[in-house]
Amino acid sequence: MTATRLWQLSAAELLAGYGRRDFSPVEVAKEVFGRIERLNPSLHAYLALNTEDALAAARKAEKAWLSPGEKPALCGVPVSVKDTIEMAGLPTTYGSLAFKDNRQGDSEIVRRLRQAGAVILGKTNTPEFALGARVSNRLGPPGANPWNLDHTCGGSSGGAGAAVAAGLGPIAIGTDSAGSVRTPAAFNGIFGLKPTFQRLPSVQTWRASPGRSHNGPLTRTVRDTALLMSAIAGAHPGDPDSNIAAPDYMSFATGRVSGLRVAISYDFGQSVLSPSALVQGAVEGAAALLREFGCETVAADPPVLEGSDQMEPGVWAYSGDHYGAAESMVPGFLEKHRDDLTDYARPIYEAGPRALAWHYRKILRRNRGYNERMRQWFKDYDFILMPVAGPAPTIAGSEKQAAGARDPKASSFGFLAPFNHTYNPAAAVPFGFDSTGLPIAIQVIGRHGDDLGVLRLCAMIEAARPWADRWPPHVEE
C-alpha cells in the first residue's frame, strides 16, 4: 500500500507503526473519529459511536505500546461491530425502532475484542433485524455506498462495508445469514469472509438466525482478516457449533496452491441466475489467474438447494426464528411494536406465530441433506469460483431483495445463501470496477473447515490484483 495517512493504514500496518512508535493509538483513534464525524452524515455507516470508551481503550493501548512485554493481538486497532452484535455501553437496536433503547451486556465477540486490545469505534448500520440486501430502517436515512452516494452499500452488514471502504476503521465485524458479509464487501470494494459456521461464536441474547448466521470480518486486506480471526476466533461452551479445530490463520501467507482443483460455476447450472457479462468476465479473469498459479480449473456446478423457503403461503421458513427471538426478549412483542416495524419486516413477524414446527423440521431436514450433498461433492474439488453479485444498485432501485435470498417465492437461492446452509467458508474478493467506477467482485468458496485455504487463495489473488490502495475518490481527502 502507498498510504501515508493514518486512516488509510491497515490493521497490520497500524500494529507495526505502534511497535516502531511512529504514531500512537490515540492519534489514530482521534483521526478516525474525525473522519466519521465528517463522512458519516452522508454515508450513514454508523448508528452509534463509542467515543469516550474507545478513547479510553486507545489510551490504555498507548501505555501498553510504551511498556515492554507482549501486547494483545489487536492492541490499539480500531474495530467496529454491526448493530446486531450486542455491546455494553451503547444501545443494540438490531436495526429496529422497536429496540432503539435496548441495552445488553457484551456479546462474546465484543468481550474478546476488548480482551484483544481493540478500540471499538461504535455500531454499524443494518436493515431491520438484518433482513435486507440494503441498509434501510426506521432509525434514519438509508446507507450509501462511498463509491457513489446514490447507490446502496448493500446489506445486511452494509454499514460495516461502507465504513471500511471509506476509511472509517480498518476492521468491521458483520453477520452473514444469506450473503450479508459478502454482498456489502463486493458492493464496497473490500474483502469479506464468511468463515466456516461459528468460527466466531454467537453467544448473546438475540439470535434470529441460529442455524444460518455466520459472524465474519470485513477488511481492506486478507492479512487483516487473518489477524482478526487469530485474535477472536475459537470455541465457546455457550455455542456448541463453535467446537471445531482452529487453524493457524496467519499461516495463510505460506503454502502452495499449485495442483489444487477449482470448480468454475457461473450460475449453479441454473439459467435463472444469469450473471451479467461483466460479472461473468470477472469470474473468467479470476479463473485465468488461478491457472497461472498452477491450479486446475474445471467447469462444474455444485449441488443446487432445492425447494422453497416458503412453508405455507405467506410464511417464510425462518419467520418463527425471528418472531421467537423478539418474543423471548419482549413478551407480546408484536402487539406492542407492530407499528414500529418496517414494511419488509412486519410480514415476517406477523407470520411467526403461524410457523408450524413440523413444517420447519422439514426445512431443517432439507438443509441437512443439502449440507451432506455439498460435502460429498467437495471430495472432488478444493474450491469453487463463482459470482457474488453485480455492482451495487441505486438506493432507489434496490427495494427488491437481491438474488431471492429471503424471498420465499423465489425460484433460486442465489449465489450466496446456499453456503450458509452448508457452512462452507466463502469470501468476496474485489476484482475490478465497472464503467461507472463501482466495484465488482468474485467469490471463493472452500471445503468445510478450510478457512485457511480460502485465505491463502484470496491472498494470492490480492497479490496479483491488489485493491487495498484503491479509495473512493470523494473520501480520499
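The values are calculated or read from the model by the stated rules, or taken from the named source; none is laboratory data. In this text, all values refer to a predicted model and were calculated from it rather than measured experimentally. Ideal geometry is used to build each Cβ from the backbone, glycine not excepted, and the neighbour counts take in all protein chains shown.
Key figures for this structure:
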| read-out | value |
| --- | --- |
| Single condition Pro210 does not satisfy, out of (1) of a type outside the set (Gly, Ala, Ser); (2) surrounded by fewer than 24 Cβ atoms within 10 Å (Cβ to Cβ); (3) out of contact with any helix residue (DSSP H, G or I) (no Cβ under 7 Å at 6 or more places or on another chain) | (3) |
| Among (1) surrounded by 23 or more Cβ atoms within 10 Å (Cβ to Cβ); (2) under 17 Å from Gly154 (Cα atoms); (3) aliphatic (A, V, I, L, M) - the single one Leu455 does not satisfy | (2) |
| Criterion: within 24 Å of Ser209 (Cβ to Cβ) and crowded, with 23+ Cβ neighbours inside 10 Å - qualifying residue of Phe415, Phe431 | Phe415 |
| Complete set of residues in the stretch 121-142 that are part of a strand (DSSP E or B), under 23 Å from Arg207 (Cβ atoms) and in contact with a helix residue (DSSP H, G or I) (Cβ under 6 Å, 6 or more places away or on another chain) | Thr124, Asn137 |
| Residue in the stretch 308-332 that is nearest to the chain's Cα centre (by Cα), counting only those that are surrounded by fewer than 18 Cβ atoms within 10 Å (Cβ to Cβ) and part of a loop (DSSP other than H, G, I, E, B) | Ser308 |
| Condition check for Gly234: at positive phi, assigned by TED's automatic domain parsing to the domain that holds Leu364 and either surrounded by fewer than 24 Cβ atoms within 10 Å (Cβ to Cβ) or at pLDDT below 95 (or both) | yes |
| Qualifying helices (runs of 4 or more DSSP H) (wholly inside the stretch 1-118; at least 1 residues being under 22 Å from Arg199 (Cβ atoms)) | 11-20, 108-115 |
| Scan of the stretch 258-273 for residues that are touching a residue at least 40 places away in the same chain (Cβ under 8 Å), of a type outside the set (A, V, I, L, M), part of a loop (DSSP other than H, G, I, E, B) and out of contact with any Ser or Thr (no Cβ under 7 Å at 6 or more places or on another chain), ordered by number | Ser265, Tyr266, Phe268 |
| Within the stretch 294-316, tally of residues that are at pLDDT 95 or above and either within 24 Å of Trp206 (Cβ to Cβ) or of a type in the set (Gly, Ala, Ser) (or both) | 5 |
| Residues (β-branched (Val, Ile, Thr) and within 25 Å of Pro127 (Cα to Cα)) located in the stretch 1-52 | Val32, Ile36, Thr51 |
| Pairs, first more than 30 Å from Met250 (Cα to Cα) and buried (at least 24 other Cβ atoms within 10 Å of the Cβ) in the stretch 73-102, second modelled with pLDDT of 95 or more and of a type in the set (S, T, N, Q), C-beta under 6 Å, six or more apart | Thr92/Asn102; Thr92/Gln104; Tyr94/Thr84; Gly95/Thr126; Gly95/Asn137; Phe99/Thr93 |
| Filtered residue count, the stretch 274-289, keeping only those that are free of Cβ contacts under 8 Å to residues at least 40 places away in the same chain and among the aliphatic types (A, V, I, L, M) | 2 |
| Of all residues in the stretch 25-57 being of a type in the set (Gly, Ala, Ser) and surrounded by fewer than 20 Cβ atoms within 10 Å (Cβ to Cβ), the one that is farthest from His151 (Cα to Cα) | Ala56 |
| Criterion violated by Leu341 - all others in (1) in the same structural domain as Gln270 (by TED's automatic domain parsing); (2) surrounded by 21 or more Cβ atoms within 10 Å (Cβ to Cβ) satisfied | (1) |
| Test for Gln376: is it surrounded by fewer than 21 Cβ atoms within 10 Å (Cβ to Cβ) and either modelled with pLDDT under 95 or touching a strand residue (DSSP E or B) at 6+ places or on another chain (Cβ under 8 Å) (or both) | no |
| Answer residue from the stretch 222-246, given it is more than 20 Å from the chain's Cα centre (by Cα) and of a type outside the set (A, V, I, L, M, F, W, C) and is nearest to Val119 (Cα to Cα) among those | His236 |
| Test result for Leu305, in contact (Cβ under 8 Å) with a residue 24 or more places away in the chain and out of contact with any Asp or Glu (no Cβ under 9 Å at 6 or more places or on another chain) | yes |
| Subset of the stretch 290-307 (residues that are buried (at least 18 other Cβ atoms within 10 Å of the Cβ) and either in a helix (DSSP H, G or I) or among the aliphatic types (A, V, I, L, M) (or both)) | Leu290, Leu305 |
| Qualifying residue in the stretch 381-396 (condition: modelled with pLDDT under 95, under 27 Å from Lys100 (Cα atoms) and assigned to a loop (DSSP other than H, G, I, E, B)) | yes |
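For (1) at pLDDT 95 or above; (2) assigned by TED's automatic domain parsing to the domain that holds Gly167; (3) under 30 Å from Tyr323 (Cβ atoms); (4) in contact with a Gly (Cβ under 9 Å, 6 or more places away or on another chain), each residue gets a yes or a no:
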position: Leu39; (1), (2), (3), (4): yes, yes, no, yes
position: Ala57; (1), (2), (3), (4): yes, yes, no, yes
position: Leu90; (1), (2), (3), (4): yes, yes, yes, yes
position: Asn102; (1), (2), (3), (4): yes, yes, yes, no
position: Asp106; (1), (2), (3), (4): yes, yes, yes, yes
position: Gly117; (1), (2), (3), (4): yes, yes, no, yes
